[in-house]
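J.: My questions will all concern the structure given below.
The values are calculated or read from the model by the stated rules, or taken from the named source; none is laboratory data. Model, not experiment: these values are computed from the prediction. Heads up, the Cβs are rebuilt from the backbone with ideal geometry, glycines too, and the neighbour counts pull from every protein chain shown.
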């Protein structure tokens, strides 16, 4: 995860807490998309996608931008002064738990947007290849569309 300011007044302290659970967050994205893909394969019995839904090892950089945009969207929607006003026994654990639970719920909603799941599978199947890069770009655009209400920095929004 690259911690940085994605919108005005972005909370980088929270960003670093998200950074500490980056691997777990990527696991949520990959495992849920793999689950959906295995389900779809079982229903449709498609040919030619034998490794879809089974890729477990991957170059984290292929999903880094998608993760970082999701992390920033969560901070924008949920942090804006709310976490700082709440007293936690263990602020690090609670912020990370809230973030990962939100991410699980967000990725679960992707069942209604199969193109997002398809793009994650294309990324995993075509890591660091042109087809994978195209899927990374589509995934980025889909996330920015899902979170159109975030006041993205102009250079982030213009890239899509």
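J.: Residues that are over 20 Å from residue 110 (Cβ atoms), over 14 Å from the mean Cα position of the chain (by Cα) and modelled with pLDDT of 90 or more: does the range 20-36 have at least one?
T.: Yes, because at least one residue in the range 20-36 is over 20 Å from residue 110 (Cβ atoms), over 14 Å from the mean Cα position of the chain (by Cα) and modelled with pLDDT of 90 or more.
J.: Name the residues in the range 112-132 that are surrounded by 15 or more Cβ atoms within 10 Å (Cβ to Cβ) and either in contact (Cβ under 8 Å) with a residue 40 or more places away in the chain or part of a helix (DSSP H, G or I) (or both), would you?
T.: 116, 117, 118, 119, 120, 121, 122, 123, 124, 125, 127, 132
J.: Applying the selection to the range 85-116, what residues are at pLDDT 90 or above and farther than 16 Å from residue 17 by Cβ?
T.: 104, 105, 106, 107, 108, 109, 110, 116
J.: Here are 30, 3: which of them is in a helix (DSSP H, G or I) and either in contact (Cβ under 8 Å) with a residue 12 or more places away in the chain or surrounded by fewer than 16 Cβ atoms within 10 Å (Cβ to Cβ) (or both)?
T.: The unique qualifying residue is 30.
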